[in-house]
Every structure is written in structure tokens, then in C-alpha cells.
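Q: Handing you this structure, nothing more for now.
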Amino acid sequence: MATTTKYIFVTGGVTSSLGKGIIAASLAKLLQAQGYRTTIQKLDPYINIDPGTLNPYEHGECYVTDDGAETDLDLGHYERFLNVPTSQANNVTTGRIYQSVIEKERRGEFLGKTVQVIPHITDEIKHRIQILGRSGDYDIVITEIGGTVGDIESLPYVESVRQLKWELGENNALVIHLTLVPYLAAAGELKTKPTQHSVKTLMEGGVQADILVCRTEHELSQDIRHKLARFCNVTPDSVIQSIDASTIYDVPNLMLEEGLDTVVLRKLSLERKTPDLTQWNTFIKRHKNPKSEVTIGLIGKYVELQDCYKSILEAFIHAGAVNEVKVTVESIHSEYLNEDNVKAMLSHLDGVLVAPGFGERGIEGKIDAIKYVREHNIPFFGICLGMQMAVIEFSRNVLGLKDANSSEMDEHTANPVINLMEDQKNVTDKGGTMRLGAWDCKLESNSIVGKVYNTKTIKERHRHRYEFNSDYKKQIEDKGMIATGLNPDTNLVEIVEIPSHPWFVGVQYHPEYKSTVESPHPLFVAFVAAALKHKKNN
Ligand code: GLN
């Protein structure tokens with residue numbers, strides 16, 4: 001085993017959206033499967049302190065870690081592939097880098113000096129890159145640099161990589177550059193020029209790529225590989241093809257076939273062993289050979305973009321494999337749902353998940369949907385806002401509190417069954433101020449969650465400001481919606497169920513963040529099983 005931590009930097013060129021996160025996660029998987037303790041970090045070149053304040057349309061889902069960091073969705077891929085929790089240290093933005101440098105400046109830590117991008121910003125970046133390595137927990141740290149080389153905002157990161165590669169020395173650090181090799185249909189050819197230019201741009205910053213991973217829609221011939229190697233100063237076996245895959249979960253095996261781990265380990269002077277991918281491959285086999293199919297409605301307001309509910313969609317893939325079921329997720333826009341069309345939109349579904357979210361848009365459609373599935377015994381899974389809407393629906397239609405609402409949607413409602421949490425009342429800043437991260441929850445043993453988790457206390461991740469208003473707990477429970485999970489310290493209601501319904505579970509937390517290939521989330525597994533049962537019975 002390595003005594004010093006080795007560093008791998010992943011940069012991107014030509015265009016964004018080439019899947020750097022998946023390549024980084026796949027390589028990490030191959031290294032982990034050979035016994036190397038590997039982690040992945042993402043550096044994002046934007047000025048927000050974290051993506052928590054970004055609109056999901058803009059940046060996709062905000063992923064939350066155990067320690068309450070609001071992070072880039074790539075961290076979700078890292079956890080799903082590696083089954084190792086990430087933390088605050090795994091995602092750093094330019095905003096955070098500048099914030100800490102400016103705070104240091106105010107404290108007088110650079111007294112007398114002009115504070116500059118080089119060395120102060122680059123030192124801070126290098127420090128952040130090495131936090132994980134210096135923890136002693138990892139043999140290999142993979143750092144993914146967000147954005148595309150040549151972007152103005154990427155410059156300090158490329159410069160930091162240049163300095164670090166030099167300081168760490170040969171065999172201790174390497175750069176993988178991910179590019180696109182486009183196919184020109186009219187010419188019938190794959191084109192290498194964009195990659196050549198991109199490698200050249202990187203070299204202008206003093207960084208020589210050691211390995212090229214080339215996204216392509218067609219196989220790269222030996223000719224193309226040699227041409228790329230010659231023009232880009234890499235060995236031919238360092239030109240790795242990354243061909244479009246039918247599922248992201250195929251990418252580790254595709255990288256294995258291409259020998260990515262072999263070149264990486266050789267360049268880092270580490271021993272190559274045969275990776276043990278038994279569990280991974282069992283999952284893929286089950287995922288690709290389902291015995292039946294269920295259709296789940298995902299009701300939200302960002303359904304046009306699959307990145308907005310990334311972790312939920314992936315959790316269904318994991319849970320589908322466990323059940324040997326193909327889970328088809330039908331996205332339903334809550335803004336277009338109403339009392340009149342709800343039957344036509346939902347009656348064919350085997351289960352309905354109402355998504356997390358913020359703000360008023362589309363919530364009445366969510367409430368209509370929940371009423372329908374509650375009354376028609378369709379399995380229901382509500383997450384965060386989805387759980388809160390289930391409580392509102394039940395209060396309105398079963399308790400008869402017609403104006404029941406969340407104070408998020410109507411500050412002056414007479415029946416705030418969902419209310420702002422006490423410690424949120426004086427919060428004015430928007431960034432990083434929600435109830436975030438992992439909190440304990442005590443389960444009622446005689447309940448769906450008690451059986452599904454098969455344990456007394458769980459720890460799940462949160463991201464919310466509003467909560468179930470315990471003043472209404474007795475009334476609600478008397479009518480048949482039961483709080484089956486409570487925070488042991490504050491009694492905050494974390495879970496509600498309706499025992500007279502086949503499968504009706506609402507959770508205040510986000511189970512989707514903790515579902516991984518190796519450890520699919522038990523609630524998603526149980527929900528898919530309930531959907532299958534519903535389908536068979538109908
Ligand atoms: N908007 C709700 C709250 O703040 C729900 C949040 C969520 O779904 N993540 O409590």
C-alpha cells in the first residue's frame with residue numbers, strides 16, 4: 001500500500017457535459033476495487049459559496065452530505081459508485097476559496113503583503129486539494145476540476161495543478177484530460193483537432209496531460225489513437241476511448257477494458273491487481289435483466305430536466321435491481337395536475353413519488369395527486385416537501401381543515417400544519433442556513449419504516465426549513481396518519497404513515513442521497529416492491 005497519497009487531476013476540454021464526474025467515479029471504482037482507498041473531490045469555478053443557492057434549472061440537484069454540505073450533484077455519483085460518504089472537503093468553489101482568503105486577509109494573516117491570485121488564491125486551492133490527502137484516510141485523491149480549460153474562471157485551478165504537479169513530483173500526481181472526438185457525418189470521420197487544441201490550451205497553462213480520455217460516439221481506430229498520441233505528447237496506451245454507454249454504471253467496466261486503471265497505476269508507480277468487481281457486476285446483471293416492470297410517477301416541478309432529481313432517479317435504478325424490476329419513471333409536472341385530470345394522469349401508475357422542493361409553484365397539483373393515490377390505494381412515497389404536502393392533504397381532506405397549509409406557502413394560514421422551525425425564525429441569510437445534514441431519527445417498530453430499516457434509530461440527511469407542526473399531531477394521528485419516526489432530541493416528526501393504506505410513507509429527510517450500488521436504500525427497495533405488489537393485484 002502506498003505510503004504517500006497520490007493525486008489525480010481530471011480536467012475537461014472542448015465542451016462541458018462530457019461526463020468528467022462519471023469518468024472520475026469510474027476510475028475511482030477501479031482503484032477502490034484493487035484495494036486502494038480512493039476519494040474524489042470536485043472543484044467548481046463559480047463564485048457562489050456552494051450550489052445551495054442555485055436554481056436546479058441552472059445547476060441540477062443540490063446534493064447534501066452527512067456533514068451538511070450543500071454540494072454539486074457529482075458528489076452523488078462519487079458516493080453511488082464508491083459507497084463511501086463524502087464531506088464538505090469534497091466540494092470547493094471559487095467563492096469559498098476567495099471567502100477564506102479574504103477572511104485571512106481581514107485577520108491580518110498576510111499583513112504587509114499584497115494579496116494576489118498567485119500565490120494566495122492558488123495556495124488556498126492547493127491546500128484544499130491536499131486536505132483529503134493529508135487526512136491519512138486515502139491512498140489516492142482524484143480531483144475533478146469543473147468547467148472547461150480555457151475558461152477565464154478555470155485559470156487559477158489550472159495554475160494550481162501546474163504548481164502541485166511540480167511540487168509533488170513524478171509518480172505522485174498525474175493529469176487526465178477529458179475531451180471530445182466528434183464524428184462529422186458528412187465527412188464520415190472522427191476528428192482529432194478539437195482535442196489537439198484543447199491539449200494545447202492546457203499546455204499554455206504549463207500543464208501537460210498524461211492521459212487523454214476521449215468521449216466519442218464511434219470506436220477510435222488505432223490510427224486515430226496514434227495520431228492523438230503523437231500530437232498530444234502522450235503514449236498510445238494513454239489514449240483512452242470513452243464511448244457512449246447505455247448506462248453510467250457500464251463505464252467502470254468500459255474503462256477497465258480500455259486499461260485506464262493500468263496506465264494510471266503505472267504512472268503513479270503503484271501495483272496493479274485484478275479489481276474485484278463482483279458486487280458491482282451482480283448489480284449490473286440484475287439491472288439489465290429485469291423480470292418485470294413497474295411504472296412510477298415522479299411528481300415535481302423540474303421534471304423537464306433529469307439532473308434536477310438525479311439522486312431519486314438513481315435510487316430507483318438501485319432499488320429496481322434489488323427487486324429485479326425495471327422501474328420506468330414517468331415525470332409528471334405538478335403545475336399541470338388538477339382535480340379534473342388527476343385520474344387520467346395517475347390511475348395507470350403502480351406508485352407515486354412526490355418530490356422535494358421549495359416555494360408555491362405546483363403545490364396544489366401535488367396535493368390533488370396525493371388525495372388521489374391515498375383514496376385509491378396506490379403506493380405513495382413523499383420526500384421532504386412531498387411529505388409536507390401529504391400532511392396538508394390529510395389535514396384538508398380528512399380532518400376537514402380546509403385552509404390547512406404550510407407557512408412557507410401561506411404565512412398567515414389559520415392552520416399551519418407545516419410550520420417554520422423555531423430555530424429558523426431569526427435566520428435571514430439564505431445560504432447554508434437550512435437544517436442540513438444527517439440527524440438521528442427514532443423509529444416506531446410496528447410500522448413500515450420500522451420493518452423496512454429493521455433497526456431502532458436511523459441517520460438520514462436533511463435540507464429543509466419547515467416541519468410538521470406538533471400542535472396538530474394528536475388530531476392527525478387520531479384520524480389515521482401516524483408519526484412513525486421522530487427526532488429523539490426535539491421530537492420533530494420525521495416520518496408519517498397511513499397504516500390503513502397499502503404503502504403510504506412520507507419522510508422529512510432525503511433517503512435518495514444515501515442510496516448506492518452496494519447499498520440500495522431500503523425505503524426505495526420497499527417502495528418498488530410495494531409498486532410491484534400493487535401491479536400484480538390490479
Ligand atoms: N420547502 C420545504 C422546507 O423548506 C421542503 C424542502 C425540501 O423539499 N427539501 O421545509
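The values are calculated or read from the model by the stated rules, or taken from the named source; none is laboratory data. Since the model is a prediction, treat every value here as computed from it, not as a measurement. FYI the Cβ positions are ideal-geometry reconstructions off the backbone, even for glycines, and counts take in every protein chain you see. When the accessible area is computed, the model is the full protein with side chains, heavy atoms only, and any ligands, DNA or RNA have been set aside. Shrake-Rupley method; radii C 1.70, N 1.55, O 1.52, S 1.80 Å.
Q: I want to confirm something. Restricting to the stretch 447-471 and keeping residues that are away from the ligand (no atom under 16 Å from the Cβ) and not β-branched (Val, Ile, Thr), which single residue is nearest to Ala404 (Cα to Cα)?
A: Asp471
Q: Next question. Can you tell which of Thr122, Thr195, Thr143 is under 22 Å from Phe231 (Cβ atoms) and open to solvent by less than 30 Å² (accessible area, probe 1.4 Å)?
A: Thr195
Q: Further, regarding this structure: I'd like to verify a number: residues in the stretch 343-396 that are open to solvent by 10 Å² or more (accessible area, probe 1.4 Å) and aliphatic (A, V, I, L, M), how many?
A: 2
Residues checked against (1) within 16 Å of the ligand (Cβ to nearest atom); (2) within 24 Å of Val329 (Cα to Cα); (3) in contact with a helix residue (DSSP H, G or I) (Cβ under 8 Å, 6 or more places away or on another chain):
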site: Pro488; (1), (2), (3): no, no, no
site: Asn491; (1), (2), (3): no, no, yes
site: Val496; (1), (2), (3): yes, yes, yes
site: Gln508; (1), (2), (3): yes, yes, yes
site: Leu523; (1), (2), (3): yes, yes, yes
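Q: Exactly one of these conditions fails for Lys456: (1) open to solvent by less than 20 Å² (accessible area, probe 1.4 Å); (2) touching a Lys or Arg at 6+ places or on another chain (Cβ under 8 Å). Give me its number.
A: Failing condition for Lys456: (1).
Okay, residues lined up against (1) surrounded by 14 or more Cβ atoms within 10 Å (Cβ to Cβ); (2) not in a helix (DSSP H, G or I); (3) not aliphatic (A, V, I, L, M):
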| position | (1), (2), (3) |
| --- | --- |
| Tyr249 | yes, no, yes |
| Leu256 | yes, no, no |
| Val264 | yes, no, no |
| Arg272 | yes, yes, yes |
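Q: When the stretch 398-424 is examined, which residues are found to be over 20 Å from Lys371 (Cα atoms) and away from the ligand (no atom under 16 Å from the Cβ)?
A: Result: His412, Ala414.
Q: From the list Thr65, Thr122, Thr86, pick out the single residue that is under 23 Å from Val161 (Cβ atoms), modelled with pLDDT of 95 or more and under 16 Å from the mean Cα position of the chain (by Cα).
A: From the options Thr65, Thr122, Thr86, the qualifying one is Thr86.
Q: Also, quick follow-up: Within the stretch 8-33, how many residues are open to solvent by less than 10 Å² (accessible area, probe 1.4 Å) and more than 18 Å from the chain's Cα centre (by Cα)?
A: 8
Q: Then there is this: Within the stretch 525-538, can one find any residue that is farther than 17 Å from Val294 by Cβ, away from the ligand (no atom under 16 Å from the Cβ), at pLDDT 95 or above and surrounded by fewer than 20 Cβ atoms within 10 Å (Cβ to Cβ)?
A: No, the conditions are met nowhere in the stretch 525-538.
Q: From the list Glu58, Glu103, Glu109, Glu79, exactly one residue is surrounded by 19 or more Cβ atoms within 10 Å (Cβ to Cβ) and not hydroxyl-bearing (Ser, Thr, Tyr). Which is it?
A: Glu79
Yes or no, residue by residue, for (1) free of Cβ contacts under 8 Å to residues at least 60 places away in the same chain; (2) away from the ligand (no atom under 13 Å from the Cβ); (3) under 20 Å from Asn419 (Cα atoms); (4) more than 26 Å from the chain's Cα centre (by Cα):
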site: His348; (1), (2), (3), (4): yes, yes, no, yes
site: Ile363; (1), (2), (3), (4): yes, no, yes, no
site: Asn377; (1), (2), (3), (4): no, yes, no, yes
site: Gly386; (1), (2), (3), (4): no, no, yes, no
site: Ala390; (1), (2), (3), (4): no, no, yes, no
site: Phe394; (1), (2), (3), (4): no, yes, yes, yes
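Q: So which of Leu178, Leu132 ends up being over 16 Å from Thr94 (Cα atoms), buried (at least 24 other Cβ atoms within 10 Å of the Cβ) and not basic (Lys, Arg)?
A: Being over 16 Å from Thr94 (Cα atoms), buried (at least 24 other Cβ atoms within 10 Å of the Cβ) and not basic (Lys, Arg) holds for just one of Leu178, Leu132, which is Leu178.
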